[in-house]
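Notes to accompany the following structure.
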């Protein structure tokens, strides 16, 4: 039985034609060069991850929608943002930060944690 | 000689599993840096995100088994999410004349139907006109995007994000299935499990499933063997479309809103997950379990990188590299040594 | 018994040897394709290479051009040892081939094809190609060879004969010393053949060595100086053309003993089962074929390559488009518009290209065995498949065919050709067919496995099934079949009784419309 198995695998290796089909039907590459490609790609992924980790931090931007500018902040995962100086705008009263421009999903500055890069929009009430 | 063979074998194993090795190393690193990564809430989070992305990967898996692909998936999810969100809402912006939200099962059937329709168009063009699936789904992707934009302009909505979903829609999808030590597991995890089982049965236990693998591995031979190649291809794409429809339905409630960008790039994640999970572009090879593992692994690595606060822009680059390396490894497995 | 003769022409002499191939061996898994074959081509001669299909002629040429790597043996070009890695290298060293199937860029014009891969530049430093140089050179060459083709004409607008002339001109333009013609006249009219011969004579007088591969006896006897005959991958004889007659050549080509290579024929021919009436194909040259096949009969189909044998089966089975013609089974008309319908009508077809249209290479034995009969394995009332039934049927297939496989879950691509063929036969038997269409059932299979396949075919006939079998190996047809249809140029050239006919008779019929 074992010998049979051996025979089969031997046959496979000496098969005169390539048997790739599908999307790889036209692939004509040696295993050696494929090995190099895999190693290079693996290295590239690791490098990207290292770069990503060393530049870690999510940028939180503040869009005041016409009010005075507020500086953006950089935070790690799970941190709360530092409460920024409230912006001001002529004819309006500032009423907090929101996730959308329409001011429907409020952001709790003291309790909500940062999980991704994002932009917070100022909510304005007519004075 | 024997030692050389051994060395080559070890090299083979290392290279064929390069992907898993990278992910394992990354997970170990992340856990050391942020022990909470393996905490209960984080694990539940990973599982629910996996569940959310599983159906779409199950659909695309079939297309890849046919040596095709489907890049219209994300937009179909977007369209069906918008349809669900516009009908199951308390603020009727798209249909100002509606008085109350449409019945839940009806909307579910509707979005499945919409998905199946797009799938039919894809499948028919691929099967009948022998167009490459990439081209066909690229055009349907654009068409569907146009439809989404027009749909969102309807009524008084004016292209805005759809929100204000009804409570029973939200609770049907995101309601608590059960809680483990205070961490809630959402209901859509259950739905993903059901869909996985159904797809496993379809792939492994039905004539259609066997025919699908046959067509994927050798279309000519399948035709000679009496397989209805055209019907099989159309059905694979329709089934995929239905999966996108369900994903859209779940995603609308999961994100609590839907807009023109909902579902963007979902197909990339799904294709990457399938290839990592061993669904080969050679055609005729793939397992449901592989797809589940692929989606899970991808989710683990990206949740982990998110934990390390790696910028989203870098994640795109890493995702692209992962697809490339997964393809290279896949190719290596089926390459005959010369 | 080997009938090898040892009258190779005397070495040396007045003519010098251009190409010498010595002791070439090549083995494919399970098949010895070439066994110690030698070939010597002298300058200024036409050397014909003859043999039945599968005798190893094209394998020998592929070894020369580096398409296959030879297992052993040496090739000398003008006394120097060479080992070409690909046909381009061969071409650059003065060994060219005019292919049977022309490999040309049909969308491009004549001179683009002539200069492909070595476009002349305007000047050494300038990377632009010079249309003018290309045109002038091509024109000069064509005048030299008396070819009247505009070098700017698009290839696809020209008839095959002219495209072939371009191919020849290309070979000449490389200053080739050895030119191989592989079945050059198969698509030429008589007039064009005359032109071709004129060119060949011209090349011969210039001192080129020509290897000429063909099936057509008259041509060979007319044009060639020496003839080498091969059979079963072995060198049989090399003789001067003047000393040979057509009958002698045929005898050398087919002269093997038929004892014990075929199982005993004990099937009984019954009443008519299948009737085909004036069948013509839409997209191939098959036309107006009518015949009757009986129950329990093995009906052979003979003919040269391209005579419409395969097309006949494909049209009956409905995987090629019919123009007209009717098929009757048990006296009732069947349509067989596609494979599914044909299977429902109890037809089965084993295709010629096992790798391309037969096996699902990466699927396992079970999937390959059951694909055509999946309906049978459903649970009652539920559209789900029963694994146990699938496994049982596969096991039956393995037992009945004596397939050698480690398990049902083995990928079919790891089996030998003969075992793959048995799996596909089992696939078809599970559909319960009455008419089996077998296209080259023993191609690429070694001798031992061939015997087993013959036995299976005869057993099927004994069970009352009708087997229609296409083969390019005549002894096989004579050994297994009851009657033999001979195809020629897309038409039915005749029908012979396998018991009383001779290979010579079949060969004559096969050349009738060729």
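A few comments on the model shown:
- Only one entry in C:422, C:404, C:465, C:389 is closer than 30 Å to residue C:273 by Cα and without any contact (Cβ under 8 Å) to a residue 40 or more places away in the chain, namely C:422.
- Filter pass, residue C:62 being outside the structural domain of residue C:182 (by TED's automatic domain parsing) and out of contact with any strand residue (DSSP E or B) (no Cβ under 7 Å at 6 or more places or on another chain): no
- Checked against the criterion of being touching a helix residue (DSSP H, G or I) at 6+ places or on another chain (Cβ under 6 Å) and buried (at least 22 other Cβ atoms within 10 Å of the Cβ), the candidates C:300, C:296 yield just one match: C:300.
- If you go through region B:128-144 and keep only what is assigned to a helix (DSSP H, G or I) and surrounded by fewer than 19 Cβ atoms within 10 Å (Cβ to Cβ), you end up with B:128, B:129, B:134, B:135, B:138, B:139, B:142, B:143.
- Of all residues in region C:172-191, exactly one satisfies the criterion of being assigned to a helix (DSSP H, G or I) and under 24 Å from the mean Cα position of the chain (by Cα), namely C:190.
- Any hit, region B:29-43, residues being at pLDDT 85 or above and under 22 Å from residue A:41 (Cα atoms): yes
- Filter result for the condition that a residue is buried (at least 22 other Cβ atoms within 10 Å of the Cβ), touching a residue at least 60 places away in the same chain (Cβ under 8 Å) and more than 8 Å from chain B (Cβ to nearest Cβ), over C:369, C:394, C:351: C:369
- Those residues of region A:45-68 which are in contact with a strand residue (DSSP E or B) (Cβ under 9 Å, 6 or more places away or on another chain), in a loop (DSSP other than H, G, I, E, B) and away from chain B (no Cβ under 13 Å), in sequence order: A:64, A:65, A:66, A:67
- Filtered by the rule that a residue be in contact with a helix residue (DSSP H, G or I) (Cβ under 7 Å, 6 or more places away or on another chain) and either surrounded by fewer than 18 Cβ atoms within 10 Å (Cβ to Cβ) or within 14 Å of another protein chain (Cβ to nearest Cβ) (or both), region B:175-188 gives B:177, B:180, B:181, B:183, B:185.
- Scanning region C:120-139 turns up no residue that is in a loop (DSSP other than H, G, I, E, B) and crowded, with 19+ Cβ neighbours inside 10 Å.
- Subset of region C:218-250 [part of a helix (DSSP H, G or I) and surrounded by fewer than 20 Cβ atoms within 10 Å (Cβ to Cβ)]: C:218, C:219, C:221, C:222, C:241, C:242, C:243, C:246, C:247, C:248, C:250
- Those strands (runs of 3 or more DSSP E) of region C:22-112 in which 3 or more residues are in contact (Cβ under 8 Å) with a residue 60 or more places away in the chain and either under 23 Å from the mean Cα position of the chain (by Cα) or buried (at least 21 other Cβ atoms within 10 Å of the Cβ) (or both) occupy C:31-42, C:45-50, C:95-98.
- Filtered by the rule that a residue be buried (at least 21 other Cβ atoms within 10 Å of the Cβ) and more than 14 Å from chain B (Cβ to nearest Cβ), region C:312-342 gives C:312, C:327.
- Close contacts from region A:101-127, counting a first residue that is under 29 Å from residue A:55 (Cα atoms) and away from chain B (no Cβ under 14 Å) and a second that is at pLDDT 80 or above and not in a loop (DSSP other than H, G, I, E, B), with Cβ to Cβ under 6 Å and a gap of 6+ residues or different chains, come to A:107/A:97; A:107/A:120; A:120/A:62; A:120/A:97.
- Scanning region B:289-306 for residues that are over 21 Å from residue B:47 (Cβ atoms), surrounded by fewer than 24 Cβ atoms within 10 Å (Cβ to Cβ) and within 11 Å of chain A (Cβ to nearest Cβ) turns up nothing.
- Exclusive hit being closer than 28 Å to residue B:229 by Cβ and over 31 Å from the mean Cα position of the chain (by Cα), set C:443, C:378: C:378
- So residue A:4, is it at pLDDT 75 or above and more than 7 Å from chain B (Cβ to nearest Cβ): no
- Any chance residue B:270 is in contact with a strand residue (DSSP E or B) (Cβ under 8 Å, 6 or more places away or on another chain) and surrounded by 24 or more Cβ atoms within 10 Å (Cβ to Cβ): no
- Selection status of residue B:318, at the interface with another protein chain (Cβ under 9 Å from one of its Cβ atoms) and free of Cβ contacts under 8 Å to residues at least 40 places away in the same chain: yes
- Scoring residue C:232 on the criteria (1) in contact with a strand residue (DSSP E or B) (Cβ under 7 Å, 6 or more places away or on another chain); (2) under 18 Å from residue C:476 (Cα atoms); (3) in the same structural domain as residue C:188 (by TED's automatic domain parsing) leaves a single failure, condition (1).
- Residue among B:91, B:52 that alone is in contact with a helix residue (DSSP H, G or I) (Cβ under 8 Å, 6 or more places away or on another chain) and surrounded by fewer than 24 Cβ atoms within 10 Å (Cβ to Cβ): B:52
- Residue list for region B:322-338, filter: at the interface with another protein chain (Cβ under 7 Å from one of its Cβ atoms), surrounded by fewer than 21 Cβ atoms within 10 Å (Cβ to Cβ) and within 20 Å of the chain's Cα centre (by Cα): B:324
- In a residue-by-residue description of region B:209-220, the property of being within 30 Å of residue C:353 (Cβ to Cβ), free of Cβ contacts under 8 Å to residues at least 60 places away in the same chain and surrounded by fewer than 18 Cβ atoms within 10 Å (Cβ to Cβ) applies to at least one position.
For every residue, the table says whether it meets (1) over 18 Å from residue B:272 (Cα atoms); (2) within 12 Å of the chain's Cα centre (by Cα).
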| residue | (1), (2) |
| --- | --- |
| B:3 | yes, no |
| B:7 | yes, no |
| B:13 | yes, no |
| B:24 | no, no |
| B:32 | yes, no |
| B:46 | no, no |
| B:49 | no, yes |
| B:74 | no, yes |
| B:80 | yes, no |
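The values are calculated or read from the model by the stated rules, or taken from the named source; none is laboratory data. Remember, it's a predicted structure, so these values are computed and weren't measured experimentally. FYI the Cβ positions are ideal-geometry reconstructions off the backbone, even for glycines, and counts take in every protein chain you see.
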